[in-house]
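Here is the structure we will look at, set down as structure tokens.
Please treat every number below as a calculation from the coordinates, not as lab data. This is a predicted model, so every value here is computed, not measured. Cβ coordinates were reconstructed from backbone atoms using ideal geometry, including for glycine residues, and neighbour counts include every protein chain displayed.
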Amino acid sequence: MHSQIKQLTHGGFSIGVELPLDNDWSPDGEKRRRDAGRAFGIPDITQHAERARLADRLGFRALWVRDVPVYDPAFGDAAQVFEVFTYLGYLAGITERILLGTAAVVLPIREPVLTLKSAASVDRLSHGRLLLGVASGDRPVEYPLFGRDFQRRGETFREQIAMLRDWGATQLPAGIEIVPRPQAPLPLLVAGLAQQSPAWVGQHMDGWLAYPGTPDDHVRRVALWRQAAGADKPYISFIHLDLVDDPNAPLQRQRFGARVGRNGLIAELHAMRDAGVQHIGLHFRRNARPLAETMQEIAEFVLPLFHRDAIKPLV
């Protein structure tokens with residue numbers, strides 16, 4: 001098993017965060033965005049480095065970034081703004097131990113040799129902390145911009161996975177290499193099915209990045225993943241979280257997540273773990289409270305229940 005996956009799933013279940021660490025979809029965040037003249041979906045990233053360091057210090061297990069090459073107002077989400085591999089290289093330099101995951105790099109619109117070089121560079125710069133999540137993409141507007149065939153994206157995805165597995169050995173001219181190489185073969189996680197069959201994904205990928213859902217949703221999806229992939233490959237998902245002040249506030253489900261107090265969050269995470277989820281990334285863009293305060297509360301009251309034998313938070 002890859003060392004990154006061992007770290008991610010150590011103890012059976014872990015909790016990370018998804019960037020941008022901004023709450024621009026909350027009521028106050030919406031007001032700040034309008035006052036600043038930012039379009040919907042473009043986050044305030046002025047505190048991004050401070051909050052990434054905070055996540056690392058507090059003991060969250062992974063930072064997840066998304067691959068959104070262009071801002072499409074019709075879609076309305078620019079993710080964390082920065083180009084994914086460039087940003088991961090930066091994050092590698094300002095954090096110490098937190099895993100760095102992509103959720104997910106859209107392989108078919110990227111030049112495959114540069115994808116390999118970029119991924120290996122991040123892996124080396126982070127001393128082996130990269131979790132390479134990949135996808136086929138779901139935004140048709142992007143494909144013409146890169147001169148790629150949207151209808152052929154499933155086939156292109158398979159071709160690029162093969163290159164990632166043999167590091168271009170069957171594609172490059174004799175004597176030509178891509179350097180650096182990663183410290184060890186990279187763990188490849190797939191978002192959704194990437195236009196493939198469950199059997200193909202289970203055989204060729206090292207983990208599944210599943211769309212957000214309820215614990216009952218995950219019970220069904222985990223069963224599908226276990227049937228396709230066996231018992232050892234991790235199942236990972238995300239929650240859009242609005243953590244309220246009252247620790248006993250009941251859970252109110254919202255799109256992709258919930259508004260809830262910390263005790264309800266703990267119960268939800270236990271249910272996720274019992275459903276077979278092995279890692280949850282928390283997405284805070286709907287969170288009404290200050291993010292540093294929310295992250296501190298989770299680190300104090302929630303992480304110790306699930307990261308019991310993990311190393312202590314950095315001070």
So, R0 is 30 Å and r is the distance between the beta-carbons of Ala184 and Ile94; what FRET efficiency does that work out to, to 0.05?
0.80
Divide, for region 1-60, the radius of gyration over alpha carbons by 2.2 N^0.38 Å, where N is the residue count.
1.50
Under 28 Å between alpha carbons - lysine pairs in the chain that sit 8 or more apart or on different chains:
5
Could you check the simple spin-label distance between Ala162 and Arg139, using points 7 Å along Cα→Cβ, in nm with one decimal?
2.9 nm
Take each of the peptides 251-259, 173-181, 233-241, average the number of other beta-carbon atoms within 10 Å over its residues, and list them starting from the highest.
233-241, 251-259, 173-181
Rg and Dmax of region 85-144 over Cα atoms: what are they, in angstrom?
12.3, 39
Using only Cα atoms and rounding to the nearest 10 degrees, what angle (0 to 90) does helix 27-36 make with the longest principal axis of the chain?
60 degrees
Working from Cα positions, state the angle (0 to 90°, nearest 10) between the long axis of helix 48-58 and the longest principal axis of the chain.
80 degrees
Among Gln47, Gln196, Asn287 - extreme Cα towards positive end, dipole of the chain, charges at beta-carbon:
Gln196
All-pairs alpha carbon distance profile, region 43-133, 10 Å steps from 0, percent:
16, 50, 29, 5
Quick one: if the Förster radius is 25 Å, what FRET efficiency do Ala271 and Lys6 give, using the C-beta to C-beta distance and rounding to 0.05?
0.55
Return the Rg/Rh value of the chain, two decimal places, where both radii are evaluated on C-alpha atoms and Rh is the Kirkwood radius.
0.95
Helix 262-275: angle to the longest alpha-carbon principal axis of the chain, degrees 0 to 90, nearest 10?
40 degrees
Tell me the net charge near Ala39. Cut-off is 15 Å between Cβ atoms, Ala39 excluded, with +1 for each Lys or Arg and -1 for each Asp or Glu.
-1
With just the Cα atoms defining each centre, how far is region 238-315 from region 64-131? Give it in Å.
24 Å
With both bridge residues required to lie in the chain, what share of the DSSP beta bridges run antiparallel, to the nearest 5%?
10 percent
Might you report the magnitude of the Cβ-based charge dipole of region 3-306 about its Cα centre, with Lys and Arg at +1 and Asp and Glu at -1, to the nearest 20 debye?
300 debye
Protection proxy ranking of 139-151, 220-232 - average other beta-carbon atoms within 10 Å, highest first
220-232, 139-151
Surrounding net charge for Gln252, when Lys and Arg each add one and Asp and Glu each subtract one, Cβ distance under 10 Å
+1
Using only the alpha carbons, work out the radius of gyration and Dmax of region 165-298 in angstrom.
18.9, 64
